[in-house]
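In what follows, a structure is listed as structure tokens, so that the remarks can point back to it.
The values are calculated or read from the model by the stated rules, or taken from the named source; none is laboratory data. Fair warning: this is a prediction, and the values are worked out from it, not measured in the lab. Glycine also receives a Cβ, built like all others from the backbone with ideal geometry; neighbour counts cover every protein chain displayed.
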Amino acid sequence: MIIKGKNWKFGNDVDTDAIIPARYLNTSDPKELAKHIMEDADKDFPNKVKAGDVIVAGKNFGCGSSREHAPIAIKAAGIQAVIAKSFARIFYRNAFNIGLPIFESEEASEKIKEGDEIEIDADKGIIKNITKDETYKANPIPPFMQELIASGGLVEWTKKKLKI
């Protein structure tokens with residue numbers, strides 16, 4: 001799986017309330033959640049982000065409450081992957097559950113600047129900064145997890161396997 005796009009940069013400890021403010025938790029509609037992604041951090045972000053973009057962040061991305069709304073909002077906004085130094089464990093699991101690829105890479109998190117064009121090879125765990133002509137290492141996504149992502153997440157993968 002190859003992912004290529006422009007990135008948006010965020011810092012450390014981006015919690016689920018920053019990703020999707022709690023005032024929007026009365027809906028589970030992905031399109032509605034996408035309209036409000038990161039709006040408390042940058043009120044124009046929902047209008048600036050484009051399908052195919054990538055988020056690059058610092059440590060502990062997705063900390064806070066365990067709501068699944070956060071990765072759903074990210075994916076529904078068209079963001080195709082998140083790279084961070086580290087992820088909150090529950091966010092990590094929720095991201096894969098809904099089919100959002102995430103990558104841990106301290107070096108990429110530190111060196112990639114907002115707006116850089118990047119390419120991620122999920123099979124090899126290689127992140128290329130096309131803008132700077134640099135390469136960083138991340139853990140590759142195992143084939144099973146790539147299959148889960150390609151299916152649209154755990155629920156869709158399970159339906160496919162059970163033929164329901």
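Numbers at a glance
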{"read-out": "Checklist (1) outside any helix (DSSP H, G or I); (2) crowded, with 18+ Cβ neighbours inside 10 Å; (3) touching a Phe, Trp or Tyr at 6+ places or on another chain (Cβ under 7 Å) applied to PHE103, failing item", "value": "(3)"}
{"read-out": "Enumeration of residues in segment 106-119 that are hydrophobic (A, V, I, L, M, F, W, C) and assigned to a helix (DSSP H, G or I)", "value": "ALA108"}
{"read-out": "So GLY78, is it part of a loop (DSSP other than H, G, I, E, B), touching a residue at least 60 places away in the same chain (Cβ under 8 Å) and not basic (Lys, Arg)", "value": "no"}
{"read-out": "Any hit, segment 130-145, residues being touching a helix residue (DSSP H, G or I) at 6+ places or on another chain (Cβ under 8 Å), of a type in the set (Val, Ile, Thr) and not in a loop (DSSP other than H, G, I, E, B)", "value": "no"}
{"read-out": "Residue pairs meeting the criteria (Cβ under 7 Å; at least 6 apart or on separate chains; first farther than 14 Å from ASN60 by Cα, in segment 81-103; second surrounded by fewer than 18 Cβ atoms within 10 Å (Cβ to Cβ) and of a type in the set (A, V, I, L, M, F, W, C))", "value": "ALA81/ILE3; PHE96/MET145; ASN97/LEU154; PRO101/ILE3"}
{"read-out": "Evaluation of LYS111 against (1) over 21 Å from ASN47 (Cβ atoms); (2) touching a residue at least 40 places away in the same chain (Cβ under 8 Å); (3) not aromatic (Phe, Trp, Tyr) (one fails), failing number", "value": "(2)"}
{"read-out": "Condition broken by ILE127, with the remaining ones in (1) within 12 Å of the chain's Cα centre (by Cα); (2) in contact (Cβ under 8 Å) with a residue 40 or more places away in the chain; (3) outside any helix (DSSP H, G or I); (4) surrounded by 18 or more Cβ atoms within 10 Å (Cβ to Cβ) satisfied", "value": "(1)"}
{"read-out": "Residue match in segment 6-15 (condition: closer than 26 Å to SER151 by Cα and part of a loop (DSSP other than H, G, I, E, B))", "value": "no"}
{"read-out": "Residue within segment 29-42 that is in contact (Cβ under 8 Å) with a residue 40 or more places away in the chain, out of contact with any Ser or Thr (no Cβ under 9 Å at 6 or more places or on another chain) and either at positive phi or assigned to a loop (DSSP other than H, G, I, E, B) (or both) present", "value": "yes"}
{"read-out": "Residue match in segment 139-155 (condition: in contact with a strand residue (DSSP E or B) (Cβ under 7 Å, 6 or more places away or on another chain) and modelled with pLDDT of 95 or more)", "value": "no"}
{"read-out": "Which listed residue, of ALA73, ALA41, ALA77, is touching a helix residue (DSSP H, G or I) at 6+ places or on another chain (Cβ under 8 Å) and farther than 17 Å from ILE102 by Cα", "value": "ALA41"}
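One line per residue, one yes/no per condition, for (1) surrounded by fewer than 22 Cβ atoms within 10 Å (Cβ to Cβ); (2) more than 20 Å from THR135 (Cα to Cα); (3) at pLDDT below 95:
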| site | (1), (2), (3) |
| --- | --- |
| THR27 | yes, yes, yes |
| ALA34 | yes, yes, no |
| MET38 | no, yes, no |
| LYS43 | yes, yes, yes |
| VAL56 | no, no, no |
| CYS63 | yes, yes, no |
| LYS75 | no, yes, no |
| ILE79 | no, yes, no |
| LYS85 | yes, no, no |
